[in-house]
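What follows is a short report on a single structure.
Every number here is computed from the coordinates shown, using simple stated rules; none is lab data. These numbers were taken from a predicted model, which means no experiment stands behind them. Note that each Cβ is placed from the backbone with ideal geometry, even for glycine, and that neighbours are counted across all protein chains shown.
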Amino acid sequence: MRLDEGDVVTAVSGREALDQILDTGSQFTLIVADWNMADISGIDLLKTVRSKGSKVPFIMLTANLTPHHTKLAARYGVDD
């Protein structure tokens, strides 16, 4: 991966990711999250980020993709 500018920020749990996102406001230009994370799920992270008015692109990963997962993520504004 080549980064021309910017930083990659990682989190070990959903709560840590949410805290970082909320603490920095709109600093992020992309969020990539797994559906299954410690403490809170990726879908809960997505719902909270969107409820704060953020339109930052959000990519959700999961090894357990079902039509239910797809519909739920789309309902809350996942980008891919």
Task: the chain: relative contact order in percent, alpha carbon pairs under 8 Å with at least 6 residues between - done: 29
Task: Total charge dipole magnitude, the range 26-75, about the Cα centre, Cβ charges on Lys, Arg, Asp, Glu only, Debye to nearest 20 - done: 300
Open item on the list: Under the 0.36 nm per residue contour assumption, what length would be gained going from the current alpha-carbon distance of LEU61 and ALA74 to full extension?
Closed with: 3.4 nm
TODO: For volume of the Cα convex hull per residue in Å³, several values are listed as [x] 99; [y] 111; [z] 72; flag the one computed from this structure.
DONE: [x]
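Sorted by average packing, counted as other Cβ atoms within 10 angstrom per residue and highest first, what order do 10-16, 50-56 take? If you can, show how the numbers build up before the last one.
Details: 10-16: 14.1, 50-56: 12.4.
Ranking the peptides 10-16, 50-56 by packing returns 10-16, 50-56.
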